[in-house]
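Visitor: Handing you this structure, nothing more for now.
The values are calculated or read from the model by the stated rules, or taken from the named source; none is laboratory data. As the structure is a prediction and not an experimental result, all values here were calculated from the model. Methodologically, a virtual Cβ is constructed for each residue, glycine included, from the backbone with ideal geometry; neighbour enumeration extends over all protein chains shown. We work out accessible area using only protein heavy atoms, side chains counted, and drop any ligands, DNA or RNA first. Shrake-Rupley method; radii C 1.70, N 1.55, O 1.52, S 1.80 Å.
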Amino acid sequence: MQYVRFMSKADQSSRTSATPDAPESAAGNRAAAQRLKMRRELAAAAMELFATKGYEATTVDEIAATAGVARRTFFRHFRSKEEAIFPDHDDTLVRAEAVLNAAPAMEHPLDTVCRGIKEVMKMYAAQPAVSVERYRLTRKVPTLREREIASVARYERLFTRYLLGHFDEQAHHDGNDDPLLAEVAASAVVTAHNHVLRRWLRAGGQGDVETQLDHAFAIVRRTFGTGIGAGRTPATPEAPAQVSSNGEVLVTVARTDAPLPEVMRTIEEALKNR
């Protein structure tokens, strides 16, 4: 599996030339903060009622009343009461995508995805007590568990699309495998993250979760990163293997992180083309 990162001139110019109006940007940030505040208040009301009355017995009207708002306000923020238990996923998904879009040109795509999924952990770590209580609640209510699974699937789709967009077209004889490889790699990153997250939640939100995440991601990189090259642009292609004119010396150029089988294939191809 090998990825390549590239950015078109149009993309580059759009990033550098875009200068959003400061007042409008500030107003937008305030509106987003107010929206998130209300979503969290509704979520807190929902969790309180679920814990005291039970999930099935709690109504949307009761959640709205507990939060001190009208029923219509609830539905401006959530489509259902089970959706209210996860108020931050929409915004976190946006932040994760922003990490992907702003990734350094030479960063390994798999590392970029690992940084993106860390936005999810930051969301949980921002309110440890709430996150732990929500975890306990989702273990008891199948409907909430299904909603959680649906949220996880959204991150996997985002990362799969990203990785698929960074495959090196010259790295595979059968390009039909690329979607499979991208999906497996993205799923591995999300699974590693969720394993660490569940362990942290079971421990009551205690522990060095950052170190645990980095350890898990290192395992993913070793397992699924074989043959994945560092991010690079078409302007700096890898130098091919070269054979001297007298046929006695073979000179090859390879990345320092290239696996031995990849290096050997490069040498074999150079010998065949002598």
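Visitor: Quick check on this structure: which one of ALA125, ALA105 is assigned to a helix (DSSP H, G or I), out of contact with any Asp or Glu (no Cβ under 7 Å at 6 or more places or on another chain), open to solvent by 20 Å² or more (accessible area, probe 1.4 Å) and among the aliphatic types (A, V, I, L, M)?
Guide: Working: ALA105 fails: assigned to a helix (DSSP H, G or I).
On inspection, the qualifying residue turns out to be ALA125.
Visitor: Moving on to the next point. Being assigned to a helix (DSSP H, G or I), in contact with a helix residue (DSSP H, G or I) (Cβ under 6 Å, 6 or more places away or on another chain) and at pLDDT 60 or above: is that true of GLU210 here?
Guide: Working: assigned to a helix (DSSP H, G or I): yes; in contact with a helix residue (DSSP H, G or I) (Cβ under 6 Å, 6 or more places away or on another chain): no; at pLDDT 60 or above: yes.
Taking the combined requirement at face value, the residue does not satisfy it.
Visitor: Which one of these is open to solvent by 30 Å² or more (accessible area, probe 1.4 Å), among the β-branched types (Val, Ile, Thr) and either at pLDDT 85 or above or under 30 Å from LEU181 (Cβ atoms) (or both): THR92, THR73, THR59, THR16? Even if it seems obvious, please write down each step before you answer.
Guide: On the way: THR92 fails: open to solvent by 30 Å² or more (accessible area, probe 1.4 Å); THR73 fails: open to solvent by 30 Å² or more (accessible area, probe 1.4 Å); THR16 fails: either at pLDDT 85 or above or under 30 Å from LEU181 (Cβ atoms) (or both).
Within the list THR92, THR73, THR59, THR16, the selection yields THR59.
Visitor: Out of the residues in the range 153-180 meeting the condition of being among the aliphatic types (A, V, I, L, M) and open to solvent by 50 Å² or more (accessible area, probe 1.4 Å), tell me which one is modelled with the lowest pLDDT. Walk me through how you get there before you give the answer.
Guide: Initially, the range 153-180 is screened for residues among the aliphatic types (A, V, I, L, M), giving 153, 158, 163-164, 171, 180.
From the residues that got through so far, the ones that are open to solvent by 50 Å² or more (accessible area, probe 1.4 Å) too are 164, 180.
Details: LEU164: 85, LEU180: 82.
The qualifying residue modelled with the lowest pLDDT is LEU180.
Visitor: Residues being crowded, with 16+ Cβ neighbours inside 10 Å and either assigned to a helix (DSSP H, G or I) or charged (D, E, K, R) (or both): count how many of those fall in the range 134-151.
Guide: Result for the range 134-151: 8.
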